Every structure is written in C-alpha cells, then in structure tokens.
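I'd like to ask some things about the structure below.
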Ligand SMILES: [Zn+2]
C-alpha cells in the first residue's frame, strides 16, 4: 500500500483513495478553499436578500475571515513556529509529524532534545535562500530522527540519522550550531 499520489506510506483513506499525510494535507487545503468560496457566496446572497427586503433577518454571516485565518495559521502546529513570510514557501504538512513528536518528547527525558529539534525545524523552515530540495531533505531527516527518538530509540539508528543531519547542515551557519547542541542532548538520553 502506498499513497496513490506520490508513493509514500499512506495514512488516510478518503473514499477509495489512500493518501499520505502530505497529499491528504494538500487535498484538505483545496477543500478548505472551496468551502471558503462557497461561504463567501452564501454571505453575498444573504446581503443581497437583505438589500431587497430592506431589513436583516439577523441570522448573521459565516465568519469567513476568522476561519481563513485559523486555516492559514496551521492549527496543527503546536510547537514549531513558521514565520508568516515563509508560510507559502514551505509545505506545512511536512512539519506536522515533527511537531507531534516534539509534543511527545515534552515532559519526558527527551524534552531537551525536543526543544532543540524545534529550533532546528524552525531554522530550516525560516532560513531564506536554502535550496528547496535541500530543505526537503533536511525536513525528512529531522522527521525520521524525531520519529526514532519517540518510538524505538535505537542508539545506532539515532546516531546514524543524526550524523546525516549534521553533515547536511554543516555549511549552514544558522543551523550547524543547533545541530551540535542536539548531538550533545542526544548522547545524554542514549546513555
Ligand atoms: Zn502522497
């Protein structure tokens, strides 16, 4: 079984279609936009009817602006903050799993690692000028590493994923220091 759009592991079944988290997130974004367009037309019709009869039935309007803001804010991200200027440039869906793992690390022995992973994910999302492909690789590595930490936490796997991540950020000044700190935090929990 694989996502019918991109071949990644599937998470959602929508009707007859299986989709991964990323593709399901995109589908949901399309549906959100369609809902907002339909809601705008309903509001317009109510305004038109009020204009014809000369008074309002008082039923209110669908709060399109508030809903749109809630969707754009990406309510699914509880830890990672993506700067407004980067919201369109990154695929928020990629950060959802990392964000969930950070939540799981809170209050556990991996809390410090989680805090640093958050800083790293934010650094990747908010650093301008990173090649999009490189960015995607980094997000994939952070995703795999945080997943391993909260699930199996095999020292050899954690260290190997961390080494790949560190190599991938060594030329990025804003991120290499954070990676160093993560290495130290990981060693503490691997024992
Ligand atoms: Zn997919």
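Please verify whether residue 32 is more than 16 Å from the ligand (Cβ to nearest atom) and under 20 Å from residue 94 (Cβ atoms), treating the condition exactly as stated.
Criteria met by residue 32.
Test residue 22 against the stated conditions and say whether it is within 15 Å of the ligand (Cβ to nearest atom) and surrounded by 11 or more Cβ atoms within 10 Å (Cβ to Cβ).
Yes; evaluated as a whole, the condition is true for this residue.
Also: Just for region 1-19: of the residues that are in a strand (DSSP E or B) and surrounded by 15 or more Cβ atoms within 10 Å (Cβ to Cβ), which one is nearest to the ligand (Cβ to nearest atom)?
Of everything passing the filter in region 1-19, 19 is nearest to the ligand (Cβ to nearest atom).
Report yes if residue 90 is away from the ligand (no atom under 16 Å from the Cβ), within 23 Å of residue 125 (Cα to Cα), assigned by TED's automatic domain parsing to the domain that holds residue 113 and surrounded by 15 or more Cβ atoms within 10 Å (Cβ to Cβ), otherwise no.
Answer is yes for this residue.
Kindly evaluate residue 129 against the criterion of being at pLDDT below 90 and assigned to a helix (DSSP H, G or I). Break it down stepwise before answering.
Values: at pLDDT below 90: yes; assigned to a helix (DSSP H, G or I): no.
So residue 129 fails the test.
The values are calculated or read from the model by the stated rules, or taken from the named source; none is laboratory data. Just so it is clear, the model here is predicted, and its values are computed rather than measured. Cβ coordinates were reconstructed from backbone atoms using ideal geometry, including for glycine residues, and neighbour counts include every protein chain displayed.
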